[in-house]
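Participant: Supplied in structure tokens, the structure appears directly below.
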Amino acid sequence: MAISSAGIGSGLDVSSIVSQLMALERRPLTALDTKEAKLQSQLTAYGSLKGALSSFQSAVAALANPAKFSAVTASLVDATAATVSASSAATAGSYAVEVQTLAQAHKLKSGTFATTATTVGSGTLTIQFGTYSGGVFTLNPDKAAGTITIDSSKSSLAGVRDAINAANIGVSASIVNDGTGNRLVVASKDSGVANALKITVADDDLANTDNSGLSQLVHDAATGGTTNLTQTVAAQNAALVIDGIGISKASNTVTDAIEGVTLNLLKANTPGTTTLNVARDSAGIQGAVQSFVKTYNDLNKTITDLSKYDAANKRASTLTGDATIRSLQSQLRGLFNTSLSTAGGGLSTLSDIGITFQKDGTLKLDSSKLNTVLADSTKDVSTLFAAVGKPTDSLVSFAGSTADTKNGAYALSVTQLATQGKAVGGGAAVLTIGAGSNDSLNLTVDGVAASVTLAAGTYTAAALAAELQSKINGVTALSSAGIGVTVSQSAGVLTVTSNRYGSASSAIIAGGTAGADLFGAQTETAGVDVVGSIGGNTASGSGQTLTGSGDSSGLALSVTGGAIGTRGSVSFARGYAYELDKLVGRMLENDSLLDGRMDGINASIKSIGTQREALARRLEGVEKRYRAQFTALDMMMASMTKTSNFLTQQLANLPSAGSSNQ
């Protein structure tokens, strides 16, 4: 009979013996588990380091903006009169402010209509912006006129409203029911006396000024004009007095009365005054610098915690002695040891503003030293943190740089200033425009073709220039491309000038019925780009912007005027926050040293998994072999025991020697 359970025949504890033997065999598997746990711990540590670097990069990227360190605060004692803000261009000081009137946008209302579906009329509406004064309407050349087609599908009161709003030409329309009927209300979107509305109509009923059909919407408040719409709010400028100087502005948002200061007028406070205080935002700059110190110290703590060795307890951290983390730490500290000798702000190291390294590797800020520097008008803290160029010429401004731009002081020379393309009439323009006879003009501005139709009438040269500028700038093909013109006149001769500078700037009169009358044998001149050198190397010009080459590669300067020849110099340096942002960015790139190390760890973990699977398969075979061997031993011992018992029994049954002698 076969033995079905190991150990039954021999009495051996086969399961226990095999388990103990397999425990010895599994020691390599335990070693793999230990190794994997260590690698997983390193991977987690690198993840924490990567997160800390990312947080630090976000902080220093914000500090790389020069505006962070040139902020100005502004406050008004009577905050109900206006709200106020200031840019870095503002100069510290106090101002007495009196708000006399607020700006208003021109508003007109129609007569009453029974319902919003009542038919008004069809044809075209032309809306112009300008000033009514002394019975004369003077066109605002900076506001494009707009023409709206009202066909039969839009001829209802609601349809006219929707068509005006859809045209998006600087006016809004709404319908108000005043209890006696529905009225169309048309309002200029912009306030100010120069944005009063003039509405003319080409009515399909061929009567353009009567009080029926689309002509019900005519409004021309000039002497002899027709006003079928009624004014409800007059166009009005804001009037204020600053330090005894009277100021008139079209908007309640006043941005150019005090350089760098924006006033949002809320109410008139006349005849009293309130005080406007403008001061450098030293507290904000202090906070920005403190933030820089804190974010670096946070990163330093993460690096220290991951790599330190606890000598007292003789315990290493996860990344103690790790070459990668030592390299990253060395790169960060090395950057701080680089002096910014060409920063141009009178400062070259962080210690100049009170930031120093401590023995534990952290940064410390001496706030009193920073305050002293902030109070010194010859010092510019932003140059220590941002990538900044400081030109010595007031008509040259820093426009940007790239990672290829090297720190340095570069001489600037300008051999050609940028110009605008223009078309100049060959003689005085004809001032009488007739509908269908000499009212159309074709032209191309900055490479984009446009056609305009002038309003019929007899003009002054200035009024004709304003009409032409308004109509050209109202062409959608031009405005949508960011193209505009300025039309001026001198002794009756018209000049159309592109608002763009450089070789892409042009103004070409292409014809039309008004071409010869307005410009005759015109002269057309294309714009040219600025030409010059930066640091002795030829720079590339685009419009008013010069971009350097060689060591100044990527250094962009805007030259807005001045003389031809030597134009001083530009001191450029990439500040610490800018450099740290770029350095940490490189550390976090996909192919960086940090990512390479993490990829290596992941590969090792994957290899351990493969080894574990192979070892598990081998151990399964070993255990089967052990069990088979001990089962065979058990069966053999059981057989031997059986034989022994049989022999013992047989021997016990043999006659004794004494019995055989009897």
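The values are calculated or read from the model by the stated rules, or taken from the named source; none is laboratory data. All values reported here derive from a predicted model rather than from experimental measurement. Don't worry about glycine lacking a Cβ; one is built from the backbone with ideal geometry, like all the others, and counts go over all protein chains shown.
Participant: Count, please, the residues in the stretch 513-545 that happen to be farther than 23 Å from Gly568 by Cα, surrounded by fewer than 20 Cβ atoms within 10 Å (Cβ to Cβ), among the small types (Gly, Ala, Ser) and in contact with a strand residue (DSSP E or B) (Cβ under 7 Å, 6 or more places away or on another chain).
Facilitator: So the count comes out to 1.
Participant: Still on this structure, I have one more. So, of the residues in the stretch 569-585 that are charged (D, E, K, R) and assigned to a helix (DSSP H, G or I), which turns out to be surrounded by the most Cβ atoms within 10 Å (Cβ to Cβ)?
Facilitator: Within the stretch 569-585, the match that is surrounded by the most Cβ atoms within 10 Å (Cβ to Cβ) is Asp581.
Participant: With surrounded by fewer than 20 Cβ atoms within 10 Å (Cβ to Cβ) and within 35 Å of the chain's Cα centre (by Cα) as the only criterion, which of Ala96, Ala82, Ala163, Ala90 stands out?
Facilitator: Just a single option satisfies the conditions, and that option is Ala163.
Participant: Taking Leu443 as the residue in question, decide whether it is under 26 Å from Ala222 (Cα atoms) and buried (at least 19 other Cβ atoms within 10 Å of the Cβ).
Facilitator: no
Participant: I'd like to verify a number: residues in the stretch 210-240 that are without any contact (Cβ under 8 Å) to a residue 60 or more places away in the chain, crowded, with 20+ Cβ neighbours inside 10 Å and not in a loop (DSSP other than H, G, I, E, B), how many?
Facilitator: 0
Participant: Restrict the check to the stretch 632-647 and report whether at least one residue is within 25 Å of Thr30 (Cα to Cα), outside the structural domain of Val60 (by TED's automatic domain parsing) and among the hydroxyl-bearing types (Ser, Thr, Tyr).
Facilitator: no
Participant: Then there is this: So the check is Cβ under 8 Å with 6+ separation or different chains; which pairs have a first residue in the stretch 180-195 that's over 17 Å from Leu214 (Cβ atoms) and a second one that's basic (Lys, Arg)?
Facilitator: Short answer, once both residue conditions are applied: Ala187/Lys107; Ser188/Lys107; Asp190/Lys143; Gly192/Lys249; Ala194/Lys143; Asn195/Lys143.
Participant: To continue, here is another question. When residues of the stretch 416-426 are filtered for being crowded, with 16+ Cβ neighbours inside 10 Å and over 38 Å from the mean Cα position of the chain (by Cα), how many remain?
Facilitator: Total meeting the criteria: 2.
Participant: Out of Ala456, Ala461, Ala429, I need the residue that is in the same structural domain as Ala507 (by TED's automatic domain parsing), free of Cβ contacts under 8 Å to residues at least 24 places away in the same chain and more than 41 Å from the chain's Cα centre (by Cα). Which one?
Facilitator: Ala456
Participant: If Ser470 meets every condition in (1) hydroxyl-bearing (Ser, Thr, Tyr); (2) in contact with a strand residue (DSSP E or B) (Cβ under 6 Å, 6 or more places away or on another chain); (3) farther than 23 Å from Gly130 by Cα apart from one, which number is that one?
Facilitator: With (1) hydroxyl-bearing (Ser, Thr, Tyr); (2) in contact with a strand residue (DSSP E or B) (Cβ under 6 Å, 6 or more places away or on another chain); (3) farther than 23 Å from Gly130 by Cα applied to Ser470, the lone miss is (3).
Participant: Also, I was wondering about something else. Kindly check whether there is at least one residue in the stretch 187-209 that is over 23 Å from Asn473 (Cα atoms), out of contact with any strand residue (DSSP E or B) (no Cβ under 8 Å at 6 or more places or on another chain) and buried (at least 18 other Cβ atoms within 10 Å of the Cβ).
Facilitator: no
Participant: Further question: Please work out which residue is farthest from Val72 (Cα to Cα), limiting yourself to the stretch 360-383 and to residues that are in a loop (DSSP other than H, G, I, E, B) and at pLDDT 90 or above.
Facilitator: Once the filter is applied, the top-ranked residue is Thr362.
Participant: Let me ask something else about it. Please determine, by comparing only the residues of the stretch 241-293 that are surrounded by 15 or more Cβ atoms within 10 Å (Cβ to Cβ) and basic (Lys, Arg), which one is farthest from Ala74 (Cα to Cα).
Facilitator: Lys249
Participant: Being within 22 Å of Ala92 (Cβ to Cβ) and either among the hydrophobic types (A, V, I, L, M, F, W, C) or part of a loop (DSSP other than H, G, I, E, B) (or both) is the filter here, so list the residues in the stretch 250-269 that pass it.
Facilitator: Within the stretch 250-269, Val254, Thr255, Asp256, Ala257, Ile258, Glu259, Gly260, Val261, Leu263 meet the criteria.
Participant: Next question, about the same structure. Can you tell me which residue in the stretch 167-181 is surrounded by the fewest Cβ atoms within 10 Å (Cβ to Cβ), limited to those that are at pLDDT below 95 and aliphatic (A, V, I, L, M)?
Facilitator: Checked the stretch 167-181; the qualifying residue surrounded by the fewest Cβ atoms within 10 Å (Cβ to Cβ) is Ala167.
Participant: Can you give me the number of residues within the stretch 361-395 that are within 12 Å of Leu350 (Cβ to Cβ), out of contact with any Ser or Thr (no Cβ under 8 Å at 6 or more places or on another chain), surrounded by fewer than 16 Cβ atoms within 10 Å (Cβ to Cβ) and touching a residue at least 24 places away in the same chain (Cβ under 8 Å)?
Facilitator: Here the count works out to 0.
Participant: Just wondering, is there one or more residues in the stretch 615-628 that are under 30 Å from Val396 (Cβ atoms), part of a helix (DSSP H, G or I) and of a type in the set (Ser, Thr, Tyr)?
Facilitator: Scanning the stretch 615-628, I find no residue that is under 30 Å from Val396 (Cβ atoms), part of a helix (DSSP H, G or I) and of a type in the set (Ser, Thr, Tyr), so the answer is no.
Participant: Which residue pairs have Cβ atoms closer than 6 Å, lie 6 or more positions apart in sequence or on different chains, and pair a first residue in the stretch 154-173 that is in contact (Cβ under 8 Å) with a residue 40 or more places away in the chain with a second residue that is polar (S, T, N, Q) and surrounded by 21 or more Cβ atoms within 10 Å (Cβ to Cβ)?
Facilitator: Val171/Ser188
This table checks each residue for (1) in contact with a strand residue (DSSP E or B) (Cβ under 9 Å, 6 or more places away or on another chain); (2) within 16 Å of Ala52 (Cα to Cα); (3) of a type in the set (Val, Ile, Thr); (4) in a helix (DSSP H, G or I).
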{"position": "Val293", "(1), (2), (3), (4)": "yes, yes, yes, yes"}
{"position": "Ile303", "(1), (2), (3), (4)": "no, yes, yes, yes"}
{"position": "Leu306", "(1), (2), (3), (4)": "no, yes, no, yes"}
{"position": "Asn313", "(1), (2), (3), (4)": "no, no, no, no"}
{"position": "Ile325", "(1), (2), (3), (4)": "no, yes, yes, yes"}
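Participant: Further question on the same structure: In the stretch 393-432, which residues are assigned to a strand (DSSP E or B) and β-branched (Val, Ile, Thr)?
Facilitator: Val396, Val414, Thr415, Val424, Thr432 - these are the residues of the stretch 393-432 that are assigned to a strand (DSSP E or B) and β-branched (Val, Ile, Thr).
Participant: Need pairs with beta-carbon distance below 6 Å; first residue outside the structural domain of Thr147 (by TED's automatic domain parsing) and within the stretch 471-489, second among the acidic types (Asp, Glu) and not in a helix (DSSP H, G or I); sequence gap 6+ or separate chains.
Facilitator: Final answer for the pair search is Ile483/Asp446.
Participant: Still on this structure, please answer the following. Being at pLDDT below 95 and not in a strand (DSSP E or B) is the filter here; which residues of the stretch 83-132 pass it?
Facilitator: Ser87, Ser88, Ala89, Ala90, Thr91, Ala92 - these are the residues of the stretch 83-132 that are at pLDDT below 95 and not in a strand (DSSP E or B).
Participant: Being assigned by TED's automatic domain parsing to the domain that holds Thr200 and in contact with a strand residue (DSSP E or B) (Cβ under 6 Å, 6 or more places away or on another chain) narrows it down to one of Thr115, Thr131, so name that one.
Facilitator: That would be Thr131, the only listed residue that is assigned by TED's automatic domain parsing to the domain that holds Thr200 and in contact with a strand residue (DSSP E or B) (Cβ under 6 Å, 6 or more places away or on another chain).
Participant: Within the stretch 616-638, restricting attention to residues that are of a type outside the set (A, V, I, L, M, F, W, C) and in contact (Cβ under 8 Å) with a residue 60 or more places away in the chain, which residue is surrounded by the most Cβ atoms within 10 Å (Cβ to Cβ)?
Facilitator: Asp634
Participant: Give me a count of the residues in the stretch 191-226 that are within 47 Å of the chain's Cα centre (by Cα) and among the polar types (S, T, N, Q).
Facilitator: Number satisfying all stated conditions: 3.
Participant: Name the single residue that is surrounded by the fewest Cβ atoms within 10 Å (Cβ to Cβ) among those in the stretch 127-141 being over 36 Å from the mean Cα position of the chain (by Cα) and more than 24 Å from Ala163 (Cβ to Cβ).
Facilitator: Gly134
Participant: So Ala386 clears everything in (1) at pLDDT below 90; (2) more than 28 Å from the chain's Cα centre (by Cα) except one condition, right? Which one?
Facilitator: (2)
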